[in-house]
Every structure is written in C-alpha cells, then in structure tokens.
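This report concerns only the one structure given below.
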Amino acid sequence: MAQAIVQNAPAGAVTARPPVAAAPPDTIDRRKLIAFFCMVFGMFMAILDIQVVSASLSEIQAGLSATPDQVAWVQTSYLIAEVIMIPLSGILSRAFSTRYLFAASCAGFTIASFLCSQATTLDQMIVFRALQGFIGGAMIPTVFASAYTIFPRSKMPVITPVIGLVATLGPTIGPTVGGYLTEMFSWHWLFLINIIPGILVTVATWNLVDFDEPDFSILETFDWTGLIGMAAFLGALEYTLEEGPQNNWFSDATITLTATVSAVGALVFFWQAFRSKHPIVDLSAFLNRNFWTGSMLSFVMGIGLYGLTFLYPVYLARVRGYDSLQIGETMFVSGLTMFVSAPIVGRLITRMDPRLMIAIGFAGFSLGTYMASFMTKDWDFWELLVPQLLRGGSLMLCMVPINNLSLGTMPPAKIKNASGIYNLTRNLGGAVGLAMINTMINNRLDLHLQRLHDDFNWSRPIAVQRLAAMTQAFASKGSDAHLAAIKQMMLLVRQQATVMSLADVFYALTWLFLSLILLVPLMKRPKLGGAPAGGGH
C-alpha cells in the first residue's frame with residue numbers, strides 16, 4: 001500500500017512516512033535500565049570511599065609512617081577534591097555528555113584507587129586520594145541527573161529508592177567494610193577492591209549509555225574565573241571545617257588563612273555566577289521553591305547521615321573501647337534497616353504525600369537522637385539498637401521524597417546543573433555538621449570535666465570507698481597502688497564527661513531535626529505522570 005502511494009505521488013511531492021509505533025510512555029527501556037544500574041554501582045564506589053578509610057586510619061598511619069594529624073589528610077584530601085567536582089559536574093556533563101563524563105570519571109577513579117593501594121609515602125597517598133575524590137566525584141550527581149531524565153515520571157517510586165539507598169548506605173557501611181577488609185587482608189584492599197568493579201562499570205557505561213549527546217560549544221564560554229573562585233571557596237571551606245575544631249578555630253593562623261581564602265573565593269564565585277552569561281554553576285535553580293527548600297532539608301539530612309555515622313563510633317571507641325571491626329558490626333544495623341526499608345518507602349511514595357513522609361522521617365531522626373541523649377557508659381548493642389533503627393528508616397523516609405520534590409520539579413534543561421548543587425548541599429551539610437559536632441564535644445567535654453572535678457570531693461564516703469577498693473586491686477599487681485588508683489579514677493571521670501558531652505550533642509540534634517519539620521509545608525507536591533522526567537538533552 002505504501003509502495004503504491006509513493007508510485008502514484010506527483011513528481012517533487014514530499015511523501016509522508018508511515019507512522020512508527022511509539023513506545024508506551026510508562027515502559028522502561030531495558031538497555032537504559034542496565035546502563036543506569038551500572039552507573040549506580042559506580043556511584044556506590046565513590047560514596048563508599050568517603051568513609052571506607054575512617055575505621056582503618058591507624059593501620060594506614062603505621063604503613064605510611066605518619067603521625068595521627070598527618071594521616072587525617074587521607075580523608076580530608078578526598079573530601080576537598082570531591083566537593084569541588086560535584087557542582088562542576090553539571091557543566092561537564094552537558095559539554096561532554098553523560099557517557100563520556102561518567103566513563104572517564106569511573107576509569108580515572110579506578111586508576112587512582114590502584115595508585116592509592118601502591119602508595120609508599122603519605123605525600124603520595126594524599127595526592128592519589130585527592131585525584132580519586134576529584135575524578136570520582138562526577139559520578140554522584142550524574143547518576144541523580146540521569147534518573148530524572150531517562151525514566152518516566154511514573155517510575156520514579158521504583159528508581160529513586162535505589163538512589164536513596166546507595167547514597168545513604170555507602171557512608172553508613174563504609175566503616176564496616178573498611179574494618180573487615182583491613183582485619184582480613186590489609187589496608188591496601190580498601191582501594192584494591194575498586195579495581196575489578198571499576199573496570200566493569202567503565203566498560204558497561206561506555207557501551208550502554210546513550211542518554212544524550214555532547215555539546216562542545218559550552219567549552220568555548222567556559223568560566224575559568226568562576227571555576228577558580230569556586231575551587232578556592234569550597235576547597236578552603238572544607239579544610240576549615242575539617243581542621244577547625246581540633247585547632248581551636250581562628251586562634252590558629254592556618255585556619256584563619258583558609259577561612260579568608262574561602263570568603264574571597266566565595267565573593268569571586270558568586271560575582272561570576274550573577275554577572276556571567278555562562279556561569280560555571282547556574283544558581284537560577286534556587287528560583288524553584290521546591291529546590292531551595294529541598295536543598296535546605298538535604299543540608300540538614302547530611303548532618304544526620306555523616307554526623308551520626310561519626311557520633312556512634314566515637315562513643316563505641318572512646319567509652320566502650322571497641323575496635324574498628326566491633327564498631328562496624330554494631331553500626332551495621334542502620335545499613336540493614338535502610339536496605340529493608342527502601343522498597344517500603346518506594347511503595348509509600350505512591351500512596352502518601354511525600355511531604356508527610358519527610359515530616360515523619362525528621363520526627364524519627366529526632367526521636368532516635370532524643371533516646372540517645374539518655375546514654376550511659378554501659379550502653380551496648382541492644383541499647384543502641386532502637387536509635388539506629390530509627391536513624392536507618394528515617395534516612396530513607398527523608399532521602400527519597402526530598403530527591404523527588406527537589407529534582408522532580410526541575411525543568412529538564414536544568415536537571416544536570418541542579419543535581420550537582422543538590423548533592424553539594426548534602427556533603428556541605430555533613431562537613432558543617434561534623435565541625436559543629438566536634439566543636440560542641442570539645443566545649444562540653446571541658447565544661448563537664450570542670451563540673452565533675454568541682455563536685456568530686458575526696459572526703460565523700462563513696463569516693464573514699466571507691467578509691468580504697470581500687471587501691472587494693474592495684475596492690476596485688478605490685479605497682480604504686482595509690483597512684484594507679486587515682487589515675488584510674490581520673491580516667492573514669494573523663495569517661496563520664498565524654499558520655500555527658502555526647503548526650504548533649506544528641507539532645508541538640510533532636511531540636512535541629514524537629515525544627516526542619518516547619519520547612520516541609522513550603523514544598524509543593526509534584527504531579528505524577530507518564531511522561532519522561534526530562535529529556536535526553
């Protein structure tokens with residue numbers, strides 16, 4: 001029939017092609033789905049490596065002959081480099097396409113991981129970790145952006161729980177994975193474990209990802225001044241937040257310098273962002289009410305994600321005396337809860353107002369931290385169980401709907417840029433939260449030590465009896481019993497002061513999480529539809 005029409009058409013006439021059956025709007029292309037999950041695994045590696053070394057820094061320190069202060073740079077260098085790449089990934093993804101950027105990012109991350117495993121000096125390790133964080137940092141926002149551009153909006157309840165699970169599970173189980181690898185093999189395997197998965201993800205991404213096309217014309221107007229300003233702003237800020245608490249903030253000349261560099265960099269970056277026709281990061285995403293509200297919620301969620309991942313190990317190590325492996329086993333409860341709750345949250349988001357889910361999530365956060373504010377030196381796995389269950393479930397209840405409300409309402413052309421900014425807020429929230437938590441622990445520890453010393457009276461019968469019993473116990477060991485007993489008593493006082501300071505931090509976080517519920521009504525609920533969440537361009 002079509003051939004007959006063509007034959008009978010007048011010369012020079014434009015003939016219409018027979019209609020091609022369009023794919024149903026609610027179907028998910030299998031090739032894209034496989035490609036996406038390969039990318040998700042790459043993102044998991046990048047997020048996992050933020051915390052995977054945290055439980056094994058002492059082993060790395062011994063292997064590289066470094067001091068405790070120096071070895072901290074193994075983690076700090078990664079964070080500084082990553083926080084610069086995350087917002088930069090938006091413009092790079094548009095210029096080079098998702099395929100080229102992600103494949104290059106994963107390949108570079110894999111090579112840097114191998115170099116880290118072969119490092120023989122601290123300087124080498126710091127350089128390789130910075131490369132690993134900078135190159136791998138592009139994978140995280142690229143996955144978020146891809147989720148909202150290649151899948152139908154109606155499939156978001158299936159896709160976004162996967163992203164939320166990976167984004168929250170990585171930092172949570174990082175210390176556990178690191179502890180096991182170091183215990184069973186050596187610290188080198190913290191990095192070697194990335195090699196084979198990294199190669200597979202790179203090959204799969206190169207062959208399967210075809211979501212968009214590169215636009216190299218963007219590079220012709222690349223804002224180098226804005227990039228320098230952003231790098232100085234975020235890099236120096238990350239250093240200030242990481243090192244400030246233990247260096248007494250602005251009483252340290254280096255902290256004052258980096259804070260000044262960050263402030264100047266911020267001025268340059270924001271000046272370029274508002275005056276340049278092609279800024280390095282387009283801040284117009286903040287004109288969307290859901291986006292700026294969601295970014296604020298994501299910022300505080302970063303405190304819950306990274307701050308609590310830090311607080312519980314501090315208690316278990318300093319008070320309970322656990323090693324890295326025991327800490328990882330105790331903390332695994334939160335990760336298991338996230339894994340179990342992810343599909344439940346995916347179902348709930350189709351049946352419940354996502355704003356209500358966010359409110360319940362932050363209420364769960366606050367309940368868990370409120371329970372933890374009553375901790376004593378005798379708390380163990382079972383006493384920490386319910387607070388950790390609440391943390392794991394609340395993270396998923398918050399993460400998935402915040403992602404949907406923040407990025408799901410953005411225009412397709414702005415999603416890549418918005419994804420970089422959005423992921424940056426979560427990481428900055430974690431950095432600011434850790435700085436606040438460390439500062440508060442130090443200040444409250446000094447306060448409680450002073451109060452306990454003031455209240456401690458050697459003439460009190462209970463103190464005399466306790467000291468006599470401890471002296472007698474040490475006498476059997478042939479040491480200076482009285483001096484050893486006094487030293488042990490002081491350690492007990494410090495232990496109690498540590499518990500009290502941690503309880504104060506948990507109590508402060510309770511009110512922080514509760515206050516975030518007031519922001520939730522400002523968000524608008526997007527309409528679910530069958531159309532794709534965004535275009536491929």
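Numbers below:
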| quantity | calculated |
| --- | --- |
| The lone exception for Q51 - which of (1) modelled with pLDDT of 80 or more; (2) buried (at least 19 other Cβ atoms within 10 Å of the Cβ) it fails | (1) |
| The one condition in (1) at pLDDT below 85; (2) buried (at least 24 other Cβ atoms within 10 Å of the Cβ) that P411 fails to fulfil | (2) |
| Flag for V345 being among the aliphatic types (A, V, I, L, M), modelled with pLDDT of 85 or more and more than 15 Å from W379 (Cα to Cα) | yes |
| Residue match in segment 76-89 (condition: assigned to a loop (DSSP other than H, G, I, E, B) and modelled with pLDDT under 85) | no |
| Lone qualifier among F151, F185, F128, F134 - being in contact (Cβ under 8 Å) with a residue 60 or more places away in the chain and out of contact with any Lys or Arg (no Cβ under 7 Å at 6 or more places or on another chain) | F151 |
| Residue satisfying condition, being within 24 Å of M139 (Cα to Cα) and either assigned to a helix (DSSP H, G or I) or in contact with a Phe, Trp or Tyr (Cβ under 9 Å, 6 or more places away or on another chain) (or both), within set T172, T240, T254, T182 | T172 |
| Among residues of segment 375-414, those that are among the aliphatic types (A, V, I, L, M) and outside any helix (DSSP H, G or I), counted | 2 |
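The values are calculated or read from the model by the stated rules, or taken from the named source; none is laboratory data. Nothing here was measured: the structure is a model prediction, and the numbers come from that model. Heads up, the Cβs are rebuilt from the backbone with ideal geometry, glycines too, and the neighbour counts pull from every protein chain shown.
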